[in-house]
Amino acid sequence: MAVQQKLVLASGSPRRLALLQQAGIEPARLLPTDLDETPERSEHPRSLAKRLCKAKAEAALSVLNERDEAAGTIILAADTVVSVGRQILPKAEMVEDAVANLRILSGRTHRVYTGLCLIGAGGVLRQRLVETRVRFKRLTRQDIETYAASDEWRGKAGGYAIQGLAGSFVVRLVGSYTNVVGLPLYETLALLSGEGFDVYARWRPEAADDVAA
């Protein structure tokens, strides 16, 4: 039987937390990190996602080590990057960012990369990169202006949230849907299982009884 260990999610993203909870996993704590996510010159979107998720995991580990709380802890970090070709689309913080991103995505296929990084209780670091291809319909001016007014885009990679109104823009999706939301569940659970984390702990009838009690 897998040994249950403490899981720290190195993210403050409510979407990533909700996806883990959807899979029956409740992190022991959230430990978001404040990093400069600016791409390096000529950096490929794949490389950016891998670099940032690793940096987030290592930053969280550093905090836990300073507090002497790293023992018996698994750290999970993720970073999602949206790109058209090699062009990396920024996280939208201003409405102008959202509008610019939507104009680029209109009628085109883009790629969503999520880098996953897991640091096990023994300090071993493992990474995965997941890619999903998404094609948007050709967006009208009304599509763009109305979506920009919704505020759903704020803080989202590529300037949209597929689990919200922007799901109606998607003509085709090849790959993992949860990857586009922000955390590819299949690959995440595979990493956790490989580290000995009991991903099924809350799936069992006795776990449901404990929650009900």
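The values are calculated or read from the model by the stated rules, or taken from the named source; none is laboratory data. Computed from a predicted structure; not experimentally measured. Cβ: placed from backbone, ideal geometry, glycine included. Neighbour counts: every protein chain shown.
Out of segment 65-87, which residues are of a type outside the set (Ser, Thr, Tyr) and surrounded by 19 or more Cβ atoms within 10 Å (Cβ to Cβ)?
Answer for segment 65-87, where residues must be of a type outside the set (Ser, Thr, Tyr) and surrounded by 19 or more Cβ atoms within 10 Å (Cβ to Cβ): Ala70, Ile74, Ile75, Leu76, Ala77, Ala78, Asp79, Val81, Val82.
The condition of being under 24 Å from Pro45 (Cα atoms), assigned to a loop (DSSP other than H, G, I, E, B) and modelled with pLDDT under 95 holds for only one of Gly196, Gly155, Gly122, that being Gly155. In segment 138-146 there is at least one residue matching the filter, namely being in a helix (DSSP H, G or I), over 20 Å from the mean Cα position of the chain (by Cα) and basic (Lys, Arg). Checking Glu152, Glu187 one by one, the residue that is acidic (Asp, Glu), surrounded by fewer than 20 Cβ atoms within 10 Å (Cβ to Cβ) and touching a strand residue (DSSP E or B) at 6+ places or on another chain (Cβ under 8 Å) is Glu187 and no other. If you go through segment 19-62 and keep only what is in contact with a helix residue (DSSP H, G or I) (Cβ under 9 Å, 6 or more places away or on another chain), surrounded by 14 or more Cβ atoms within 10 Å (Cβ to Cβ) and either in contact (Cβ under 8 Å) with a residue 60 or more places away in the chain or small (Gly, Ala, Ser) (or both), you end up with Leu19, Leu20, Ala23, Gly24, Ile25.
Based on what the data block shows, is Val82 within 21 Å of Gly175 (Cβ to Cβ) and modelled with pLDDT of 95 or more? Against the criterion (within 21 Å of Gly175 (Cβ to Cβ) and modelled with pLDDT of 95 or more), Val82 qualifies.
Taken together, the residues in segment 81-115 that are in a strand (DSSP E or B) and of a type in the set (D, E, K, R) amount to 1.
Close contacts from segment 70-99, counting a first residue that is on the phi > 0 side of the Ramachandran plot and a second that is basic (Lys, Arg) and at pLDDT 95 or above, with Cβ to Cβ under 9 Å and a gap of 6+ residues or different chains, come to Gly85/Arg111.
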